[in-house]
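These notes concern the structure reproduced below.
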Amino acid sequence: MASATASISSHSIALRDLKATRIGAVRQQVAVVPAGLPATAPKGQYRPPRPRRLWRRWRRRHLPRRPWTTRPWRRSWWARRRWRSWIVALIEYAKLTGRPFRVFSLDTGRLNPETYQLFDKVEKHYGIHIEYMFPEASEVQDLVRSKGLFSFYEDGHQECCRVRKVRPLRRALKGLKAWITGQRKDQSPGTRASIPVVQVDPSFEGLDGGAGSLIKWNPVANVDGKDIWTFLRTMDVPVNTLHAQGYVSIGCEPCTRPVLPGQHEREGRWWWEDATAKECGLHKGNIDKEGQAPKVGVNGNGSAEASAPDIFQSQAIVNLTRPGIENLLRLENRAEPWLTVLYAPWCPYCQAMEASYVELAEKLSGSGIKVAKFRADGEQKPFAQAELQLQSFPTILLFPGRTVKPIKYPSEKRDVQSLLAFVNSLR
């Protein structure tokens, strides 16, 4: 699946022509045959690829073999997720296989009008009927009557999502042996970096009941979002019109807003919460929680944390102790701004940003801005949570020269340019 993006691009011309009759074009299908060849080419000469043949070729190259030997979804294919446009790409691929498939979606009752319009367009375009799952009316009624319509702005979105999304999804999956999602690793490098292509669903049960009874397939896990959009434009399929208004990741109307240029796509979701809270629970089983060590090889006694080598090792980075960062907190007029990362050396997301943070420190060396680190796990964690706004690792703080309270870096984008823009705008 690592090269799935190349596959999408390499087949785009042929797929576009195969789609010609569906999108109303009047050209003949033989237009893909090179000049001088008959429409039905003899053996050994060029033959225009068929949709099913394209799918088989792509599948052989990029998908693991084992799930296809058991084939738990042989009877029908299922595609499901909130209606972002890359889900339509999955439906398009399912259509090209020639296999029977069904589509279901969660209707929370709070989606944008444009999303409901997309439902209608997709049904007409593919000649299918989407099977909608709704929350229990009594549960929604109890929630709204006790807490109001917008309680998630005050105490978090998890309770509302549990009623409107997670429980309806659980009911839908109880009748299945497998389901397909549109999760991608680049949607959220902080929490979705380890999404596998195929897995046993760790959170939900399938038709047979019990652990291991449901297969979960994330076929575009390794595909870049830009390549998904290239495919959508090539195939001329319906997309959500909200994308033209700056929306990227689209969920319920009260919890979704457009993102600015340069912002990560998930920053438009639940924007009032921390970056690690931008998940509603539908995929909690295979989403890494920032600030936790990988469970593989850990026996629960903290040995993995203790044995992890230190990171951010550079002469350009100041290693702050507890008294040092306490003094930094107390200062009202600092001689120079300080950029500090709160980290844990065993955290994979801290490790992932090490190179960019070291490079940033070297760029800022001699500029009048100090770059520092403070190890905030173990016995220092309660202090960091109470005084330094720590919710997950890594947390990046800027201590400006004339402001007492540190400013927390709000984004998941931790490349050099993004961090430098943050520092320069507030120094």
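Numerical summary
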item	result
Any chance R322 is touching a helix residue (DSSP H, G or I) at 6+ places or on another chain (Cβ under 7 Å), surrounded by fewer than 16 Cβ atoms within 10 Å (Cβ to Cβ), over 25 Å from G268 (Cβ atoms) and outside the structural domain of W272 (by TED's automatic domain parsing)	yes
Residues (of a type in the set (A, V, I, L, M) and closer than 27 Å to W229 by Cβ) located in segment 157-186	L169, A178, I180
Close pairs (6 angstrom Cβ cut-off, 6 or more residues apart or separate chains): under 21 Å from S188 (Cβ atoms) in segment 204-231, among the small types (G, A, S) and surrounded by fewer than 19 Cβ atoms within 10 Å (Cβ to Cβ) anywhere	N222/A2
Condition check for Q141: over 26 Å from C347 (Cα atoms) and polar (S, T, N, Q)	yes
Residue list for segment 326-345, restricted to those being over 19 Å from T403 (Cβ atoms) and surrounded by fewer than 22 Cβ atoms within 10 Å (Cβ to Cβ)	P345
Of residues in segment 76-101 being small (G, A, S), modelled with pLDDT under 85 and within 15 Å of Y126 (Cα to Cα), the one surrounded by the most Cβ atoms within 10 Å (Cβ to Cβ)	A79
Spans of strands (runs of 3 or more DSSP E) in segment 321-427 with at least 3 residues of a type in the set (A, V, I, L, M, F, W, C) and free of Cβ contacts under 8 Å to residues at least 60 places away in the same chain	370-375
The one condition in (1) among the basic types (K, R); (2) out of contact with any Phe, Trp or Tyr (no Cβ under 7 Å at 6 or more places or on another chain); (3) at pLDDT 95 or above that K373 fails to fulfil	(2)
Residue within segment 178-186 that is touching a Ser or Thr at 6+ places or on another chain (Cβ under 6 Å), among the β-branched types (V, I, T) and assigned to a loop (DSSP other than H, G, I, E, B) present	no
Yes/no for P238 being at pLDDT 90 or above, surrounded by fewer than 16 Cβ atoms within 10 Å (Cβ to Cβ) and not charged (D, E, K, R)	no
Flag for R170 being assigned by TED's automatic domain parsing to the domain that holds A137 and assigned to a helix (DSSP H, G or I)	yes
Any hit, segment 240-248, residues being within 20 Å of K413 (Cβ to Cβ), part of a loop (DSSP other than H, G, I, E, B) and not β-branched (V, I, T)	yes
Only one of Q183, Q117, Q158 that is modelled with pLDDT of 95 or more and assigned by TED's automatic domain parsing to the domain that holds G210	Q117
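The values are calculated or read from the model by the stated rules, or taken from the named source; none is laboratory data. Given the structure is predicted, the values throughout are model-derived calculations rather than measurements. Virtual Cβ from ideal backbone geometry, glycine too; neighbours counted across all protein chains shown.
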